[in-house]
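These notes concern the structure reproduced below.
Derivation of every value follows stated rules applied to the coordinates shown; laboratory data play no part. Please read all numbers here as calculations on a predicted model, not as lab measurements. Here the Cβ positions follow ideal geometry from the backbone for every residue, glycine too, while neighbour counts run over all protein chains shown.
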Amino acid sequence: MADVLWTLVFLAFSSHLVVSYPGRKCSSPTLHSGKVLEERYALRREFNNGDRVVYKCEVGYTTSRGPRYSYCQNGQWSPLELQCKKKTCGSAGEILNGRFIQTGNAFGDTAEAVCNQGYVLQGEPIRECRVNGWSGMIPTCVDDLATSAAKCPLLKRSKNATYYGRKDTYEPGETLSYSCNVGFRLIGNSNVLQCDRTGKWKPNHANCQKIKCERFNIPNGKVKFGHLTFNININISCKDGYRLKGPSVVTCGANSSWTPALPTCEQVMPIQVKCLPPAVPNSIIQDEYKMEYVVGEHATISCQRGFELIGLSWVTCGADGQWQEIPECHFAERRCQAPPHPKNAHRHYESNTAVRYRCNPGYRMVRGPSTIYCKNGRWTDLKMICEKKKCGSAGEIMNGHYHYTGSWFGDTATARCNTGYQLVGKGVRNCTENGWDGRESVCEAIQCPDPEMVPDADLIFDTSGIIRYGYMASYRCRFGTLIGASDIYCTEDGTWSAPAPRCEVVMCSTPIVKNGLIVSGLRPRYQSGSSVMFMCNPGKRLLGPDVITCGADGQWNPRLPVCVWVSKFAFV
């Protein structure tokens, strides 16, 4: 029985102990290949728990599938499900008496034109797969005998390279060397161009590429990126509670890497701060005497006989190792009763003869003075009035609005987006002592994925830009009958109003007319829309239509005719 009683006491006590931990903040979002953050998130270095960031595919990539969002969840970013695939260009084209040698057909790949033996190239030899397809035009290969040798001009200094030549023109077969300028590096092993019989340099330009360094992430660090090109310096620092181990500045080097090696941010071990016993002349510490107090501990102070306490009797050890609002013990004189307690204000003692009041947080003084005095055993009149602070408007939301409980201290403003838009970030702002907290809310347009392509159907749809709420896609079958909705819409939850339809070819059975034959439209199979024409054998006459059509329901329309004897037909 005693065990049960102690268990009940423990449960009753522990039910009042509730510990809550705010979610941890997140540092800069994770970098993903082929994906970048939308601009409005790129410069932020810290995010609150629950914040959301939006990714998009890099230039040269298209969205394959998956949502574009990642959320800060207790210091970690949720996995990004967005999948981006490189855009493809297909074949670079066909060359008569030549061919293309392709490194691939994806964005950034190249195709080099090569002529068969006995032919020379006219036009640009290199094509690159870009966002809008292969660059340039398809060159041609012409008969070597029909082309007279031409000279190549001396190339001038360019943005990326310097050419070393002593002549104005060069004969076919002669070479011209070059070096890459500062900030550029050589691609490949050769820095030589050769003049061909068409008067063109091969390759047609210096293979010097701009030096760029990749973005990096320092856990618990703060990095402000600008340009990521050669010789650019990037400053690095650490968050509060961490210290930098390594260089605070790194430079983009000639080999596209950061020098010196990237630093790390190490957590600083906190020093435990303690307070000595509170020293108040003519006082007594009511609690059990201790040699030291940890931060947050309290001590109760009273005054010796003949002295009065000015201030609070209950003091707290502060984070700086000092006691907060420590009182004083003054010689007792003729005293006033406790000073009045005004509405929405609290007392603040300055001395044994005066009391100063401050408005509570969220209130401001609209009339004063705020100090009263003890004179001859009576307090002077308190004329101080405190009024709630007002925050005014929480701001304007493009494609949305705020719903207010009010605009005074303690009130809230809740962001609501228009139909077709969704909220990004925190949706509630509070009227605080310093105005509305947080940032203005953002309403982002809801987007739908590209509509599905349907075999044997034309998709009527404006493919430029973002697919927003309300956009319509229409399907029209080139062959067969449309099964499903012909028009679908982007709905407010980012999905299409119906699945894509399909085109089914409806077939009719082979039309057979006894004593007749098909004179037009004969085929092995008859699909919807096909027509045939009949005529009867000699001595017979057609009763009914001579042309019938296969309908969308798989039936002939009008119905099949019949062939009857001429005399029978005349009798009828």
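Numbers at a glance
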item	result
Dipole axis of segment 35-86 (+1 Lys, Arg; -1 Asp, Glu on Cβ), positive-most option in SER70, VAL59, ASN48	VAL59
Which of ILE236, PRO263, ILE284, positive extreme of dipole for the chain (C-beta unit charges)	ILE236
Förster radius 60 Å - calculated FRET efficiency between ILE512 and THR88 (Cβ-Cβ, nearest 0.05)	0.75
Contact order normalised by residue count of the chain, Cα under 8 Å, 6+ apart, percent	5 percent
Where a label projected 7 Å from the Cα of LEU482 along Cα→Cβ would reach, residues of segment 425-460 with amide N under 16 Å	451-460
Alpha carbon centroid spacing (whole Å) that separates segment 375-421 from segment 168-197	71 Å
Zone residues, segment 102-130, relative to THR140, backbone N less than 18 Å from point 7 Å out along Cα-to-Cβ	113-126
Under Karplus coefficients 6.51, -1.76 and 1.60, residue-wise ³J(HN,Hα) of segment 103-120 in Hz, glycine/proline x	7, x, 10, 9, 3, x, 6, 10, 10, 9, 7, 10, 8, 5, 4, x, 10, 10
Residues ALA106 and ASP168, FRET efficiency given R0 of 41 Å [Cβ-Cβ distance, rounded to 0.05]	0.50
Computed label-point distance, nm, for sites VAL182 and MET535 using a 7 Å Cα→Cβ extension	9.2 nm
Order by protection proxy (mean Cβ within 10 Å, highest first), peptides 103-109, 201-207	201-207, 103-109
CD proxy at 222 nm, helix term only [per DSSP H run n ≥ 4: -39500 (n - 2.57); per residue of the chain; nearest 500]	-1000 deg cm²/dmol
Mean Cα-pair separation over length for segment 448-560, i.e. relative contact order, pairs under 8 Å, 6 or more apart, %	19 percent
HN-Hα J in Hz across segment 178-194 - Karplus 6.51, -1.76, 1.60, θ = phi - 60°, x for Gly and Pro	8, 9, 7, 6, 4, x, 10, 9, 6, 9, x, 9, 10, 10, 10, 9, 10
Magnitude of the charge dipole, segment 400-445, Cβ model with Lys/Arg +1 and Asp/Glu -1, debye to 20	120 debye
Low-density loop cleavage sites - chymotrypsin sites (Phe, Trp or Tyr not before Pro) in segment 471-503, where at most 14 other Cβ are within 10 Å (DSSP)	PHE479
In Hz, Karplus ³J(HN,Hα) per residue of segment 65-77 (6.51, -1.76, 1.60; θ = phi - 60°; x = Gly, Pro)	5, x, x, 9, 10, 9, 10, 7, 10, 6, x, 10, 8
Given charges at Cβ of Lys, Arg, Asp, Glu: the chain dipole, positive-most of GLN324, PHE225, LEU309	PHE225
Whole-Å semi-axes of the ellipsoid equivalent to segment 468-535 (Cα gyration tensor, √5λ, descending)	42, 9, 7
Stretch gain in nm, segment SER78-SER33, where the contour uses 0.36 nm per residue and the Cα spacing is subtracted	14.6 nm
Mean separation of Cα contacts under 8 Å (6+ apart) over length of segment 457-504, as relative contact order %	36 percent
Tensor-based shape of segment 457-504 (alpha-carbon gyration tensor, a/c under 1.5 rounded, otherwise prolate or oblate)	oblate
Long-range HN-HN contacts of ARG358 with modeled amide H, under 5 Å	HIS346, HIS348
Approximate shape of the chain as ellipsoid semi-axes (Cα gyration tensor, √5λ), whole Å, largest first	80, 47, 22
SER158 long-range amide H proximity, modeled H, under 5 Å	TYR163
Cβ-derived FRET efficiency at R0 41 Å, GLU440 paired with VAL366, nearest 0.05	0.90
Dipole in debye (nearest 20) - the chain, about Cα centre, beta carbon charges: Lys, Arg +1; Asp, Glu -1	800 debye
Cα→Cβ-extended label distance, 7 Å offset, between ILE326 and ASP287, nm	1.5 nm
Packing-based order for 536-549, 438-451, using average beta carbon neighbours within 10 Å, highest first	438-451, 536-549
Pair GLN122, ILE385: separation of 7 Å Cα→Cβ label points (nm)	9.5 nm
Segment 386-533, dipole about Cα centre (Lys/Arg Cβ +1, Asp/Glu Cβ -1), debye to the nearest 20	500 debye
For segment 452-519 and segment 66-108, distance of Cα centres in Å	29 Å
